[in-house]
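The values are calculated or read from the model by the stated rules, or taken from the named source; none is laboratory data. Just so it is clear, the model here is predicted, and its values are computed rather than measured. Backbone-built Cβ (ideal geometry, glycine too); neighbour counts: all protein chains shown.
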């Protein structure tokens with residue numbers, strides 16, 4: 001049986017799951033930028049001591065799971081999330097939910113995700129998709145980053161639900177609990193709380209490696225890479241930075257464009273002229289991130305290799321840190337105007 | 001990024017899906033467009049895979065030279081580190097580290113070898129003689 005579920009393609013998987021499920025239950029106002037902004041999705045962190053694929057952990061977005069949780073909670077929608085000790089109980093819970101006529105989202109690992117191209121199959125465990133039906137032994141999958149539906153056998157699905165390693169999903173399924181209609185007034189409030197939390201995360205997070213200071217820190221670090229790490233390792237690190245920033249799921253420009261779109265859409269709920277103006281700053285920041293990616297590519301392609309080229313790259317990030325600081329500072333001054 | 005500037009370069013996603021990208025129109029209003037890929041990030045992904053190939057080749061050499069057990073070769077082939085191998089097999093990280101020593105590996109029980117063989121999707125014989 002396959003549920004009557006409208007597949008929505010989005011830039012990012014967790015935004016897509018949030019939009020797909022909330023629309024399925026009647027919240028037609030939700031869009032990808034609104035889900036991302038209300039969930040305070042924008043972030044930056046550089047963790048040199050944690051290695052992912054042998055390069056530093058770099059992220060342009062908040063922790064997996066936060067966007068769905070925060071967006072639902074801000075809109076007074078209950079969140080149901082279940083993790084399972086055994087594979088049998090995980091399969092049973094999903095089948096029972098489908099049999100009752102309801103879709104469910106799963107967090108999965110992509111290493112064994114058969115419909116992903118091989119080049120993208122790393123041990124990354126925070127991908128999200130929606131199960132929308134089951135025929136015999138085959139599950140129908142609405143994967144928000146894909147343009148069409150896919151299928152997984154029960155073995156294939158079990159394998160990705162029980163992927164191991166960092167952020168292991170432990171079979172978890174999640175979905176919104178029962179909720180009535182969401183009013184525009186609720187959305188207005190949720191937008192404000194989403195913006196406030198994002199200002200806190202980007203401007204006031206303690207430590208030097210996260211938020212706008214994390215971007216500046218990365219810029220300074222990059223200038224030392226050539227002499228400290230050598231060309232080969234620097235190349236891998238820069239490639240990692242660009243992948244986290246631009247790969248499928250980011251919407252381009254390290255999620256900055258999606259955030260710009262969020263502020264523009266917020267203008268319909270809060271007609272304050274600063275919002276589209278600040279959105280323009282995020283467009284500029286996203287563009288500068290992409291310029292930096294081009295510079296990084298020059299280095300990892302071997303076209304650029306002098307210390308001066310690394311300095312240019314580092315300075316670009318330091319400039320971006322300034323831009324984003326300005327954007328969030330203006331946003332902070334605008335918050336009191338959002339009634 | 002302007003909508004008409006959304007890159008349409010070849011990528012590993014071709015024939016699988018196009019990706020949603022956010023961009024602005026002439027008046028700066030956000031809209032979405034589909035992209036087939038961007039050479040800058042396709043090259044970044046190439047770098048990641050070149051690194052993996054190099055790690056696999058290095059691991060192969062170490063195994064052939066008797067500096068590491070065959071587990072190292074399979075770990076690198078499967079893009080795994082100690083944490084991931086340990087969590088799939090149920091061994092402790094320090095145990096996996098020990099099993100990477102050729103002398104220790106030689107004396108592993110069949111039951112333990114079987115666990116590794118399953119994870120790396122090979123037979124126990126292949127696990128013992130990866131380049132035969």
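Please work out if residue A:48 is at positive phi, touching a strand residue (DSSP E or B) at 6+ places or on another chain (Cβ under 8 Å), touching a residue at least 40 places away in the same chain (Cβ under 8 Å) and more than 14 Å from chain B (Cβ to nearest Cβ). Please lay out each step first, then the result.
Working: at positive phi: no; touching a strand residue (DSSP E or B) at 6+ places or on another chain (Cβ under 8 Å): yes; touching a residue at least 40 places away in the same chain (Cβ under 8 Å): yes; more than 14 Å from chain B (Cβ to nearest Cβ): yes.
Taking the combined requirement at face value, the residue does not satisfy it.
Of the residues A:291, A:287, A:315, A:311, which single one is more than 14 Å from chain B (Cβ to nearest Cβ) and closer than 25 Å to residue A:251 by Cα? Please lay out each step first, then the result.
Working: A:291 fails: more than 14 Å from chain B (Cβ to nearest Cβ); A:287 fails: more than 14 Å from chain B (Cβ to nearest Cβ); A:311 fails: closer than 25 Å to residue A:251 by Cα.
Going through A:291, A:287, A:315, A:311 in turn, just one is more than 14 Å from chain B (Cβ to nearest Cβ) and closer than 25 Å to residue A:251 by Cα: A:315.
Condition first: farther than 30 Å from residue A:235 by Cα, outside the structural domain of residue A:105 (by TED's automatic domain parsing) and either assigned to a strand (DSSP E or B) or within 11 Å of the chain's Cα centre (by Cα) (or both). Can you find one or more residues in segment A:40-50 that meet it? Break it down stepwise before answering.
Residues of segment A:40-50 that are farther than 30 Å from residue A:235 by Cα, as a first pass: A:40.
Next, only the ones that are outside the structural domain of residue A:105 (by TED's automatic domain parsing) stay: A:40.
Narrowing the set further to residues that are either assigned to a strand (DSSP E or B) or within 11 Å of the chain's Cα centre (by Cα) (or both) leaves A:40.
Among the residues of segment A:40-50, at least one is farther than 30 Å from residue A:235 by Cα, outside the structural domain of residue A:105 (by TED's automatic domain parsing) and either assigned to a strand (DSSP E or B) or within 11 Å of the chain's Cα centre (by Cα) (or both), which makes the answer yes.
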Filtering segment A:110-130 down to residues that are more than 10 Å from every other protein chain (Cβ to nearest Cβ) and under 21 Å from residue B:15 (Cα atoms) yields A:110, A:112, A:113, A:114, A:127, A:129
Log entry, pairs with first residue in segment A:304-315 being without any contact (Cβ under 8 Å) to a residue 24 or more places away in the chain, second being in a helix (DSSP H, G or I), beta carbons closer than 7 Å, six or more apart or on different chains, reads A:304/A:298; A:309/A:298; A:309/A:299; A:312/A:295
Need the failing condition index for residue A:250 against (1) more than 8 Å from chain B (Cβ to nearest Cβ); (2) closer than 24 Å to residue A:192 by Cα; (3) touching a helix residue (DSSP H, G or I) at 6+ places or on another chain (Cβ under 7 Å); (4) buried (at least 24 other Cβ atoms within 10 Å of the Cβ), just the number.
(3)
Of the residues that sit in segment A:253-269 and are in contact with a helix residue (DSSP H, G or I) (Cβ under 8 Å, 6 or more places away or on another chain), assigned to a loop (DSSP other than H, G, I, E, B) and over 17 Å from residue A:321 (Cα atoms), which one is farthest from the other protein chains (Cβ to nearest Cβ)?
A:269
Hey, among the residues in segment A:134-150 that are in contact with a helix residue (DSSP H, G or I) (Cβ under 9 Å, 6 or more places away or on another chain) and in a strand (DSSP E or B), which one's farthest from the other protein chains (Cβ to nearest Cβ)?
A:134
